[in-house]
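The values are calculated or read from the model by the stated rules, or taken from the named source; none is laboratory data. Worth saying up front: this structure is predicted, and the values here are computed from it rather than measured. Heads up, the Cβs are rebuilt from the backbone with ideal geometry, glycines too, and the neighbour counts pull from every protein chain shown. Only protein heavy atoms, including side chains, enter the accessible area calculation; ligands, DNA and RNA are left aside. Shrake-Rupley method; radii C 1.70, N 1.55, O 1.52, S 1.80 Å.
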Number of protein chains: 4
Amino acid sequence: MFDKINFRTDLALERRDLYKKANNLDKEIDGIKTEEEENGPRIRTSRVKVLDKNGAEAIGKPVGSYITIDIQKLKVATEEDIQESAEVLAKELRVLLGEHANPKDEILVVGLGNQYVTPDALGPKVINEIDVTRHILTYMPQVLSSETRPVSAISPGVLGTTGIETLEILKGIVDNIHPKMLIVIDALASRSIERISSTIQLADTGITPGAGVGNTRKELSQSTLGIPVIALGIPTVVELATLISDGIDIFIDRLQKKSESNEYLNKLQQEDKYEEVKEALKVGEYNMIVTPKEIDDLIENMKDIVARGINMATQPENING
Amino acid sequence: MFDKINFRTDLALERRDLYKKANNLDKEIDGIKTEEEENGPRIRTSRVKVLDKNGAEAIGKPVGSYITIDIQKLKVATEEDIQESAEVLAKELRVLLGEHANPKDEILVVGLGNQYVTPDALGPKVINEIDVTRHILTYMPQVLSSETRPVSAISPGVLGTTGIETLEILKGIVDNIHPKMLIVIDALASRSIERISSTIQLADTGITPGAGVGNTRKELSQSTLGIPVIALGIPTVVELATLISDGIDIFIDRLQKKSESNEYLNKLQQEDKYEEVKEALKVGEYNMIVTPKEIDDLIENMKDIVARGINMATQPENING
Amino acid sequence: MFDKINFRTDLALERRDLYKKANNLDKEIDGIKTEEEENGPRIRTSRVKVLDKNGAEAIGKPVGSYITIDIQKLKVATEEDIQESAEVLAKELRVLLGEHANPKDEILVVGLGNQYVTPDALGPKVINEIDVTRHILTYMPQVLSSETRPVSAISPGVLGTTGIETLEILKGIVDNIHPKMLIVIDALASRSIERISSTIQLADTGITPGAGVGNTRKELSQSTLGIPVIALGIPTVVELATLISDGIDIFIDRLQKKSESNEYLNKLQQEDKYEEVKEALKVGEYNMIVTPKEIDDLIENMKDIVARGINMATQPENING
Amino acid sequence: MFDKINFRTDLALERRDLYKKANNLDKEIDGIKTEEEENGPRIRTSRVKVLDKNGAEAIGKPVGSYITIDIQKLKVATEEDIQESAEVLAKELRVLLGEHANPKDEILVVGLGNQYVTPDALGPKVINEIDVTRHILTYMPQVLSSETRPVSAISPGVLGTTGIETLEILKGIVDNIHPKMLIVIDALASRSIERISSTIQLADTGITPGAGVGNTRKELSQSTLGIPVIALGIPTVVELATLISDGIDIFIDRLQKKSESNEYLNKLQQEDKYEEVKEALKVGEYNMIVTPKEIDDLIENMKDIVARGINMATQPENING
């Protein structure tokens, strides 16, 4: 029997790939359904459905839908690329909203993270761009279409700055203003530095902030908050030891392809080297979480995509038009 | 009988002065007690106590204590000026905290305002500098002194960005995490451009956000939140019509002193010219709220004073020392 | 004969209006030619040509072209308003560029101001958005159209931060890299708070930084730098004493219209009250330069207009298309 | 004979260590002199002197002095740590200044980098904190001590934003205002992620911007600018392939220590794996430059150290006192 995998990624898609590789599976995992779609030359959408307990245990994620949108070369994105990406996001988000809420049900958008830490600032930055309507529907309903959905938005800060668990803050607000659904934006860890601020994962199963970087906070989900929670996660950091561990795999792979095959290397590559690498690198400096030099521009472009996508998806299409 | 005065200032001290001037009072207002203190060459503290209903009606402020700390030349403040000002603030704040809470009662510090609008960014900026202890007392109590008070901090955003009344957000959080007292930081309007980001008003009566600029939000006070609310208000804007109305008074005053006395001007000066001026200037552009060119530096220095003052006052002196 | 007017505004259009009012002129000033154009419901363009010495002396501005573009309600501008305004600016700028340089002559765009002072940050912010081509034409010419004009951009800082006069910095750079023309962006003072970050003045006569606020630096112009200097000035501050002086005029005007005519007021209004007002208000606090509360948003929108306008105007239309 | 090493670091100290390791040298390199000093528990200073052509060729750095100040745990630095580090920097810098200029010779401080890219923003941020005196000595000499040195400061921007080589900008300014010495602040690449924004390298040999990340600009030095150039470099990024290559070495090392010795691995470790690794990882995503998640805080603390250190070192000690 195969041991539990330490995935070190928040992305369901990466976990499914790791599970298949570790178990030498050619076909799909039992209890998982996957489909892929190309949306033009730079955007690709993958949908991973966790169907049952078996699928959930395999990749360590609850039953539900996980949609991954990968956008290539976001750093040099044009206005058109950003608009196109926002439309792909809006389309997927609209489907999820439709499955869990009615068109005029109130939505609260939550931007997790610390705006003073560049790779963690995406959530607060998106909140500043959300088209909130709840107060206008209360104080001046006549200026809006009667189809307008009440939308509100909050950026609750992080435990280190507030001293309060995010769940406690949100529980208080949800119990007091009674939205019908949450959309929670958070920065994630991925295994791939190429995915940094270039990938969006949508999930209808809620979120556990900090899970990807071993600094786990209390879960935000229907079971803790009492309403559906759509999580919109964007990888912005990678653990350095993961990068090096993966780097060694690729390196060994290449040595072997150069027909310098070697029994020892074969054995080496089949093992999970993460703990070994982490232990080996424990001298201090490798125990770090890194982000690309260009993170400021990546976050700025991703902020536009996410804010526009949410603004389009939360209101009826004729209002946005 | 004297008509109600439109004070157009949030500062109790300015209201008391305006009331006395409008009613030609030489002695103190009945129901008000005032004292002044010089704290070195640049800092002056004034304490206005509203003792009863008569005092409250005179200046339109509830019964309670209002402490005004004026700091001269804050724009060019040195590190020593800032530290000295923070200590004066801490001393006054400690007295207020002692009157309304026990030394280890949990305090939630709230920074109102919009960090993307320079004159409204003080609250959120202060929150980022507050020494929060609540989560450390929960997760790692051994690293702190046993006398440490639990302090948490939040910057809830503004109605225009969140779609939610600040009272609703705070009510939810207070009901869920149960602090014993709030300290609420807000940007105010004053009548005096010299006071912009150079004056701190402390009050134990709560606060009505936006009251100074005619954009009133729901009151944050013991009666709405169920716990004592210390308000820490800093003027950062002035209404232009108020400035001009006051400017005309000073101008007429000077003309008269130059022995160009004139019956008509005398009459003019006794009237409240604000509505007249506002009506006269209604062409559009004068209907504005202004702030000094140097507002960025003023806010930065005031942020340091307020954050340090709160950090000193909320913990026992031996912890800070 | 009429005394010299202290205009206290950098805008040629405001100066021409003040001169006409002060001299009770119905017709145009001798030596000045003016035309106006509506560019849609929100944008108005005025062109003041100073034709000769007489016109130059009247308004205290050198012979040359001064174009004022006023944009209404910029604070709440939509993406379309911004694009439309940028196109109006580009059209006017293209005419000026065509009069003083050839299509492929190198242009250096200079953003004056201090990015850490919100009302003074426009120049540095625009520079960050300029499409520079000079280095690409040097190192990778093949990726650009052969019609591309070399454009470079610099934000030299302010005297208080650098210790160096802007003219000295620019003289050194111009003598070393030899552009054929400068476009200099600067924040100006106007008399009208309504014009703050809502008006663009284009002039082909250079600029004297700080002139509008009595803090004059060395002139940047063809005579000091040896090449044509197009100045692109945007009012972002107003002197408070000017506002009050103008406010008193409007107030007296209204009193008189209410048939409360009065010999003394009539006399008062004909005089220049600025020095009187400034003296009267000298107690300290009125000696200030102010900016609207909304200056952050105004600067942000104006930055987009100016950067796009310059980017369109400096390259041939088919390249932008 | 040993082949040329590709050091992939700007730090002379790291190059010296790599050279010694690659050549299995126990004693010091011929033509290099090194000394170390502990400055309290958190700060260590190393001085590498390149004495002659042999030393220069060994480590690929010109003859001159290279001083490395390593500060541990800068991310969680207290105010005292920062002040102490600034004093260590000031002491070293004073020696270098004394060797190359007289006490009242004018100094121009240059902050290289792009303030909108967090890991590249150190130079511009420092410039904003430099105590410039040149303009005061020109316009109001009476307010300063007669011993004051003229200091000016500029942040010229980067080629991608200005379109102009930094050397061209500085050449123009130096030729026009004639300082006697430059201090140039730049972000460097190091091999060690632990050194990111925790190490300062001082050198009296000038600097080649971008050299550490394979994006070389024109050299700034006495030979190109005609005056001595003190370079103050701070590592803020690491190349990912370098990290992984070093990580593989450490990993193999550990495997061998676990007595799993292996002929093949021995051979592997003696080779320079960088090109191999870079080639192997060429799939795209590993071809990246990374920075720690905490870069914002690191840059903020380092900015305070560098600005204070320069401000102390450029003026006589009695003026700072």
Self-check item: Shortest-first nm distances, residue D:317 label point to equivalent points in other copies (7 Å, Cα→Cβ)
Solution: 3.6, 7.0, 7.6
Exercise. Lys and Arg at +1, Asp and Glu at -1: add these up for the other residues within a Cβ distance under 9 Å of residue A:117 and post the number.
Key: -3
Self-check item: 28 Å tail of the calculated P(r), the range C:72-222, as % of Cα pairs
Solution: 24
Quiz item: What residues have an amide H closer than 5 Å to that of residue D:237, excluding those fewer than 5 places away on the same chain, when H is modeled at 1.01 Å from N in the peptide plane?
Solution: D:188, D:190
Practice problem: Give the accessible surface of the range B:64-223 per residue, rounded to a whole number of Å², with probe radius 1.4 Å and ligands, DNA and RNA excluded. | Solution: 36
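With r defined as the distance between the Cβ atoms of residue D:52 and residue D:76 and R0 fixed at 35 Å, what FRET efficiency is calculated, to the nearest 0.05? Mind showing how you got there, number by number?
Values: r = 42 Å, r/R0 = 1.19.
Taking R0 as 35 Å, the efficiency between residue D:52 and residue D:76 is 0.25.
Averaged over B:235-241, how many beta carbons belonging to a partner chain fall within 10 Å of each residue's beta carbon? Don't jump to the answer; show the numbers that get you there.
Working: counts 0, 1, 3, 5, 1, 9, 1.
The mean count of partner-chain Cβ atoms within 10 Å per residue comes to 3.
Considering only the other residues whose Cβ falls under 12 Å of the Cβ of residue D:172, what net charge follows from Lys and Arg at +1 and Asp and Glu at -1?
On the way: positive: C:171, D:171; negative: C:168, C:175, D:165, D:168, D:175.
Combined, the nearby Lys, Arg, Asp and Glu give -3.
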Quiz item: Tell me, what ³J(HN,Hα) does each residue in the range C:127-138 have, in order and in whole Hz, if you take phi through Karplus 6.51 cos²θ - 1.76 cosθ + 1.60 with θ = phi - 60° and put x for Gly and Pro?
Solution: 3, 5, 10, 6, 7, 7, 10, 4, 6, 5, 4, 7
Quiz item: Tell me, how many Å apart are the Cα centres for the range C:153-188 and for the range B:43-76?
Solution: 49
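Treat every Asp and Glu Cβ in the range C:1-129 as -1 and every Lys and Arg Cβ as +1, leave all other atoms uncharged, and give the resulting dipole magnitude about the Cα centre to the nearest 20 debye. Each step should come with its number before you reach the end.
On the way: 20 positive and 25 negative charges, 86 e Å.
Result for the range C:1-129 is approximately 420 debye, rounded to the nearest 20.
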Quiz item: Measuring label to label, 7 Å along Cα→Cβ, what does residue B:80 give against each other copy in nm, shortest first?
Solution: 2.2, 6.1, 6.4
Quiz item: Hey, which of these cross-link pairs are over 18 Å Cα-Cα: D:53/D:180; C:61/C:218; C:20/C:218; C:125/D:218; A:104/A:171; A:75/A:293?
Solution: D:53/D:180; C:20/C:218; C:125/D:218; A:104/A:171
Quiz item: Which whole-Hz ³J(HN,Hα) couplings does the range A:176-186 yield from phi under the Karplus relation 6.51 cos²θ - 1.76 cosθ + 1.60, θ = phi - 60°, glycine and proline marked x?
Solution: 8, 10, 6, x, 9, 7, 10, 10, 10, 9, 9
Quiz item: Can you pull the mean other chain C-beta count within 10 Å for peptide D:180-193?
Solution: 1
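Can you give the net charge of the other residues whose Cβ lies under 9 Å from the Cβ of residue C:315, counting K and R as +1 and D and E as -1? Before the final figure, lay out the partial values.
Details: positive: C:149; negative: C:131, C:147, C:317.
Taking every other residue near residue C:315 into account, the sum is -2.
Just the number, please: percent antiparallel of the DSSP beta bridges in chain D, rounded to the nearest 5. Numbers along the way, then the final one.
On the way: 26 of 43 bridges.
The antiparallel fraction comes to roughly 60 percent.
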Practice problem: Convert each backbone phi in the range A:223-230 into a coupling constant with the Karplus relation 6.51 cos²θ - 1.76 cosθ + 1.60 (shift: θ = phi - 60°), then list the ³J(HN,Hα) values in order as whole Hz, x for Gly and Pro. | Solution: 6, 9, 10, x, 9, x, 10, 8
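In Å, the Kirkwood hydrodynamic radius of the range C:162-248 over pairs of distinct alpha carbons? Numbers along the way, then the final one.
Working: mean 1/r = 0.0712 Å⁻¹.
Taking the inverse mean of 1/r over all distinct Cα pairs, the range C:162-248 comes out at 14.0 Å.
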Quiz item: What does the average come to when, for each residue of peptide C:131-141, you count the partner chain Cβ atoms lying within 10 Å of its Cβ?
Solution: 3
Quiz item: How far apart, in nm, are two points set 7 Å out from the Cα along the Cα-to-Cβ line at residue B:224 and at residue A:26?
Solution: 6.8
Quiz item: For chain D, treating each Cα as an identical point scatterer without solvent, what Debye log10 I(q)/I(0) comes out at q = 0.06, 0.12, 0.16 1/Å?
Solution: -0.22, -0.85, -1.45
Quiz item: Counting only residues 5 or more places away or on other chains, whose amide H sits under 5 Å from the amide H of residue D:155 once H atoms are built in the peptide plane?
Solution: D:111
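Can you give the FRET efficiency for residue B:42 and residue D:129, using 1/(1 + (r/R0)^6), R0 = 22 Å, r = Cβ-Cβ distance, to the nearest 0.05? Walk me through the intermediate numbers first.
Values: r = 24 Å, r/R0 = 1.08.
E(calc), rounded to 0.05, equals 0.40.
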Quiz prompt | Positive dipole terminus of the range D:54-169, leading residue within D:154, D:116, D:169 (C-beta point charges) | solution = D:169
Quiz item: With each run of n ≥ 4 DSSP H residues scored as -39500 (n - 2.57), what mean residue ellipticity at 222 nm is computed for chain A after dividing by its residue count and rounding to the nearest 500 deg cm²/dmol?
Solution: -12000 deg cm²/dmol
Quiz item: To the nearest 10 square angstrom, how much accessible area does residue D:7 have with a 1.4 angstrom probe?
Solution: 20
